[in-house]
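These notes concern the structure reproduced below.
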Amino acid sequence: MVSKPEIEGQKILKSLLSQNVDYGGNFVYITGGMGGGKTSAMFSLLEYTQKFYPNQKIFLSETYDAPLQCFKMGFDRCRFLVKENSGVVFRDRNKKLSKVEFLPVTYFKSNPVTKTVTVNKKQKTTTTYISDYDDLWEKAQYGKLNVVLFGNRIEWAKFIEYLRHVGEWCHIFIDEIGEILPAGTRTEDWKVIGNFANLAKDFRKCMLKVIANTQSVRDLDYRVIDKFMYRIFLPGAMQDKKHSRIVQKAIDNLDGDEKRGNMAYIDRMGRFGLIRFTNIYKPDPRYSIEAHVVI
Ligand SMILES: Nc1ncnc2c1ncn2[C@@H]1O[C@H](COP(=O)(O)OP(=O)(O)O)[C@@H](O)[C@H]1O
Ligand SMILES: [Mg+2]
C-alpha cells in the first residue's frame, strides 16, 4: 500500500519535474550525508530530464581536483566545454595523474582584458579572460550532458544569469553547490553571490531549472538559502529548521539500501512528502579522471 506521505511526495516531485508555466522554473537543493547518495539523486532527476526533454540543453557543474562524477551517467553521454585560456586540464587517477587527451573537449571563446596597476611605483600588467557565453551556448548540445569548466566555480553564478535570457527551457545541475555560493565570502565574490541571490528569487518566472546538491546547507551564503523552492533530504542530512518542518528525527529514520535505493523527504514551501531514488549511480572504474586548473 502506498502511504499518504508517499502520495504527497509524488505530487511534489511531479510539480518539480513539470514544465507548467504556472510553476515556472525552480531552484532545488538535495542534501544528505557524505556518500549518502546526493549525486545519485541529482543524476536520477537529470536522467528524467534528458529522457523527457531531449530538445532542451542540460549543463553540469562539477568539482575540481576530485574524480568527475559525470562518467557515472555513461562516458558516451558526456561532453566537456572548457573555457579558452582557463588552464583546465584533465588527469587520470589510474595513471598517476598523467594528462588525458581522449575526452570529447570543445573550447569556447574567452576575451582578454588587460589592466595596468601601479604597485610600489612599478607598473604591473595583469590579463584576465572573460568568457564568451554566446559561444558557449552555441557549442552546448541538445541531448548531451554538457559539462562546463570555467577554471573556477564562482563563474557559474554569472553564467546562470546569462541563461536566464536565452529564451528557452534549460537545466543546470550543480554538484557541491557550497563551492559556488559559499558562506562568508568577501569583496567581488560577495557581490556576485548577492546578484545571484536576487536572481534566484525570480527563477519561478524564468525557464530555468537549477538543481543542486550540498552536504550541508549551512555552508551556503545565507542570502541564497532562503531562495530555494524545493528541498530534498536524504539519509544523513541535517534538518533545515528555518525553512522546513521536517524534523531531524524523521530524517534519521530514512532508510537506504542497494536494492531499494534511498528514501528522501521532499519539501515544497511547507508541504512535504516521501520519495524514493531507486537508481544508484556507481563510478565507472575505467574513468577516474579529474579536472585540474594549471596556472
Ligand atoms: N542506497 C545505496 N546502497 C548502496 N550504495 C549506495 C547507495 N546510495 C549510494 N551508494 C553508493 O555510494 C557512493 C556515493 O554515492 P553518491 O551518490 O556519489 O553520494 P554523495 O554524492 O552523497 O557523496 C556511490 O558509489 C553509490 O554507488
Ligand atoms: Mg557527491
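The values are calculated or read from the model by the stated rules, or taken from the named source; none is laboratory data. Source: prediction; values computed, not measured. Backbone-built Cβ (ideal geometry, glycine too); neighbour counts: all protein chains shown.
Going by the structure shown, is Leu208 within 16 Å of ligand 2 (Cβ to nearest atom) and closer than 26 Å to Gly273 by Cα? No: the conditions fail for Leu208. Would you mind stating whether Leu60 is assigned to a helix (DSSP H, G or I), within 16 Å of ligand 1 (Cβ to nearest atom), within 26 Å of Phe90 (Cβ to Cβ) and under 12 Å from the mean Cα position of the chain (by Cα)? When the stated conditions are applied, Leu60 does not pass them. Entry remark, the range 39-66: residues being in contact with an Asp or Glu (Cβ under 8 Å, 6 or more places away or on another chain) and within 16 Å of ligand 2 (Cβ to nearest atom) number 9 in total. Restricting the range 142-158 to residues that are among the small types (Gly, Ala, Ser) and part of a loop (DSSP other than H, G, I, E, B), the residue that is surrounded by the most Cβ atoms within 10 Å (Cβ to Cβ) is Gly151. None of Glu138, Glu161 is surrounded by fewer than 18 Cβ atoms within 10 Å (Cβ to Cβ), under 15 Å from the mean Cα position of the chain (by Cα) and among the acidic types (Asp, Glu) except Glu161.
In the range 146-164, the qualifying residues are those that are away from ligand 2 (no atom under 16 Å from the Cβ) and touching a Cys at 6+ places or on another chain (Cβ under 9 Å), and the one that is modelled with the lowest pLDDT is Arg164. Candidates in the range 15-50 are the residues that are of a type in the set (D, E, K, R) and modelled with pLDDT of 95 or more; of these, the one that is surrounded by the fewest Cβ atoms within 10 Å (Cβ to Cβ) is Glu47. Of the strands (runs of 3 or more DSSP E) lying entirely inside the range 243-295, those containing at least 3 residues that are within 15 Å of ligand 1 (Cβ to nearest atom) and surrounded by 14 or more Cβ atoms within 10 Å (Cβ to Cβ) span 261-268, 271-277. Of the residues making up the range 17-47, those that are more than 17 Å from Tyr265 (Cα to Cα) and more than 16 Å from ligand 1 (Cβ to nearest atom) number 9. Residue count for the range 90-121, restricted to those that are of a type in the set (Asp, Glu) and surrounded by 10 or more Cβ atoms within 10 Å (Cβ to Cβ): 1. The set of residues in the range 1-30 that are more than 20 Å from the chain's Cα centre (by Cα), small (Gly, Ala, Ser) and either under 26 Å from Leu208 (Cα atoms) or assigned to a helix (DSSP H, G or I) (or both) contains only Gly9. Scanning the range 263-290 for residues that are within 16 Å of ligand 2 (Cβ to nearest atom), of a type in the set (A, V, I, L, M) and closer than 30 Å to Lys227 by Cα turns up Ala264, Ile280. Where strands (runs of 3 or more DSSP E) fall entirely within the range 75-128, those with at least 3 residues that are under 25 Å from the mean Cα position of the chain (by Cα) and touching a residue at least 24 places away in the same chain (Cβ under 8 Å) are at 78-83, 88-92, 105-108.
I need the full set of residues from the range 255-295 which are farther than 30 Å from Leu97 by Cβ, aliphatic (A, V, I, L, M) and under 20 Å from the mean Cα position of the chain (by Cα), in order please. If the condition is that a residue be farther than 30 Å from Leu97 by Cβ, aliphatic (A, V, I, L, M) and under 20 Å from the mean Cα position of the chain (by Cα), then Ala264, Ile266 are the ones that fit.
Within the range 31-40, identify whether any single residue is of a type outside the set (Ser, Thr, Tyr), within 21 Å of Tyr142 (Cβ to Cβ) and outside any loop (DSSP other than H, G, I, E, B), and answer yes or no. No, there is no match, as no residue in the range 31-40 is of a type outside the set (Ser, Thr, Tyr), within 21 Å of Tyr142 (Cβ to Cβ) and outside any loop (DSSP other than H, G, I, E, B). Look at (1) within 16 Å of ligand 2 (Cβ to nearest atom); (2) without any contact (Cβ under 8 Å) to a residue 24 or more places away in the chain; (3) of a type in the set (Gly, Ala, Ser) and you find that Ala250 fails only one, number (1).
Restricting attention to the range 67-77, the residues that are under 18 Å from Ile280 (Cα atoms) and either more than 14 Å from ligand 2 (Cβ to nearest atom) or in contact with a helix residue (DSSP H, G or I) (Cβ under 7 Å, 6 or more places away or on another chain) (or both) total 7.
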